[in-house]
Amino acid sequence: MIRSTVQRLAVLLWATLLAPVGSAAQGTGTLSVTVSAQQTGVALPYAVVALPERTLERFTDAGGRATIIALPTGSYELAVRRIGFAPYRGRIVIEAGIVTTAAITLAQIPVQLTGMVVRPREVCTNPGMPDRVREPAVYDIVELLRENADQFRLLTSQYPFRYATQRVLAALTDSTVFVNVVDTLVAGSQSLGGYRPGRVVRDQRDPRGLRETTMAIPGLSDIAAPSFIANHCFHFGGVLTEGSETWVRLEVRAADKLRSPDVHGTFFLDSATAQLRRMELEMSRPDRLPRRLMGIRAVAVATTFREITPGLSLVDRVCAINWQKPFQGRGRSHPVELQQLVAYRFDAAPPDAPIVSAYDAPAWRPRTPLRRDVLWCDGVGDGP
C-alpha cells in the first residue's frame, strides 16, 4: 500500500512539472472598464483605473475607456478615481480567455462655497490634513488638489516627455524690467519635483564648478507627497472670478516646526472641474537664509497651467522674483526669471493627446527694457 501511494504521488508530480505554462489553470483574461459621470452619464477622460494589488494604473481615453490585458485569473480590487469625483473601490474577477467588463459611474464632488469661512494666514502649529469632521469642505479641496498632483505623477511616470521653455533673466527696477539674457531650456519630465521639507534652498555646482544657490520649488507631483502634507496647514482663502470660471483659493502655510526656509502658498482650483489653474508660492523663513543670501527679503514664484487636452494639463508659465532689501537707504534691483512653454514631445502620447505641440515664443530680446506689467507674479507674496 505504501509503495502504491508513492507511485501515485510520483505520477502526479510529473504531471504537474510537464503541464504547459499558461494552461487554463494558469490562464489570463482582459479587463475593460468604462467610466462616466453619475449625474450626467458623460464619459470621463483621464480617469485613473487601477489594480492596486498589481500596481497597475491606466488613464481612460476620450470615451472613458481603459483596457488592461493579460491579467492572471483571480479576484482583484478595482480602484477608479478622477479629479473632481468621489473615488470608487470594488472587486472584479478575471477569468481565463474572457473579457471582463465594468461600467463605473463616479459622483461629482461639489465644492461647497456657501458657509465656508475665509481664514487669514496664521501660524501653523498643527500641520497635516484638515479634520474631516470639523472642516469637511477644506478637507475635500485638499483632496482635489492631491488628485491633481497624483494625476500628474501618473502622467510623468507612464508617459515621459521632454519640454522646451523660453527663459528670461532680468532685473526689476521701479517701473522697468530690463532683460539681460534670453535662452531656451530643454528638460525631461523626470527632472520635475524633488521637494524635501525645510530643504528648498540648496547649494550645487554649476557646469564650471562654481557654487550656486537655488530654490527647489515644489513641483505639482510633490504636493501629493505625505512629506508635503505633513508639514503644511491648509485653509479656505475665498474665491476668485477668472473669465467665465470661478476659482477656489486654498491657502497653504509651512509648519512652524520647520526652522529653515520652506514654502507658503496659494492654489487656485476651478470650482466646476476641480482642475488646478494656478499655483503661487513664496519662501517661508527668509530670515534663516545663509549669511551670503541675507540681502534677500522674499522670494515669490507663480505658475500657471496649459490644458493640452480636456482634463490634462502641463506647466505653461513660471514667474519668479527675488525681492532684495534696500541698501543704505537706496532701492535695489530685483532679479527676475520668466519661463514660457514653447514645445513638448511625449515618448508615447497619452490617450487622445497630441504627441508633440509647439507654441509661439514670446518676443523677448536681450538688452531691452520691458514694462513692469509683464510680471504677472508682481503681487505674489511679500512684494514691494
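The values are calculated or read from the model by the stated rules, or taken from the named source; none is laboratory data. Since this is a predicted model, take the numbers as computed values, not measurements. Virtual Cβ from ideal backbone geometry, glycine too; neighbours counted across all protein chains shown. In case anyone asks, the SASA skips ligands and DNA or RNA and just uses the protein heavy atoms, side chains included. Shrake-Rupley method; radii C 1.70, N 1.55, O 1.52, S 1.80 Å.
Observations
- For VAL181, the solvent-accessible surface computed with a 1.4 Å probe is close to 60 Å², ligands and nucleic acids excluded.
- In range of the label at ARG371: residues from the range 157-191 whose backbone nitrogen is under 19 Å from the point 7 Å along Cα→Cβ: 171-179
- Helical contribution to [θ] at 222 nm, DSSP H n ≥ 4, -39,500 (n - 2.57), averaged over the chain, rounded to 500: -3500 deg cm²/dmol
- The chain, accessible area per residue, ligands and nucleic acids excluded (1.4 Å, Å²): 52
- Size descriptor for the chain, Kirkwood hydrodynamic radius: 23.9 Å (Cα pairs only, one decimal).
- Distance in nm between pseudo-label sites at GLN39 and ARG292 (7 Å out along the Cβ direction from Cα): 5.5
- Two-site label geometry, ALA349 and SER75: point separation in nm, points 7 Å out along Cα→Cβ: 4.1
- For the range 81-109 versus the range 213-254, the inter-centroid distance based on Cα atoms is 29 Å.
- Potential lengthening of the chain between ALA102 and SER32 amounts to 24.6 nm, from the contour at 0.36 nm per residue minus the alpha-carbon distance.
- Degrees separating the helix 2-18 axis from the principal Cα axis of the chain, which is the longest one: 50
- Note: relative contact order over the chain, using C-alpha pairs below 8 Å and six or more positions apart, is 15 percent.
- A Förster radius of 41 Å combined with the Cβ-Cβ distance from VAL239 to GLU337 puts the calculated FRET efficiency at roughly 0.90.
- Between SER221, THR173, PRO197, the Cα set farthest toward the positive side of the dipole of the range 169-259 (charges on each charged residue's Cβ, about the Cα centre) is that of PRO197.
- The alpha carbon gyration tensor of the range 140-271 gives principal lengths a ≥ b ≥ c with a/c below 1.5, which makes the shape rounded.
- Neighbours of PRO261 by Cβ distance under 11 Å: Lys/Arg scored +1, Asp/Glu scored -1, total +2.
- When DSSP beta bridges are restricted to pairs lying wholly in the chain, around 95% turn out antiparallel.
- Cα gyration tensor shape for the range 157-200, rounded if a/c is under 1.5, else prolate or oblate: oblate
- Between the residues LEU293, GLY41, VAL374, the greatest Cα displacement towards the positive end of the dipole of the chain, with unit charges on the Cβ of Lys, Arg, Asp and Glu, is found for LEU293.
- A simple charge model with +1 on the Cβ of Lys and Arg, -1 on the Cβ of Asp and Glu and nothing else charged puts the dipole of the chain at about 1200 debye relative to its Cα centre.
- Seen from every direction in turn and averaged, the convex hull around the alpha carbons of the range 315-357 projects onto 4.0 nm².
- Separation of alpha-carbon centers, the range 298-352 and the range 137-163, rounded to whole Å: 18
- In the range 81-177, a dipole from Cβ-located charges (positive for Lys and Arg, negative for Asp and Glu) runs towards its positive end, and of PRO127, VAL93, GLN108 it is VAL93 whose Cα lies farthest in that direction.
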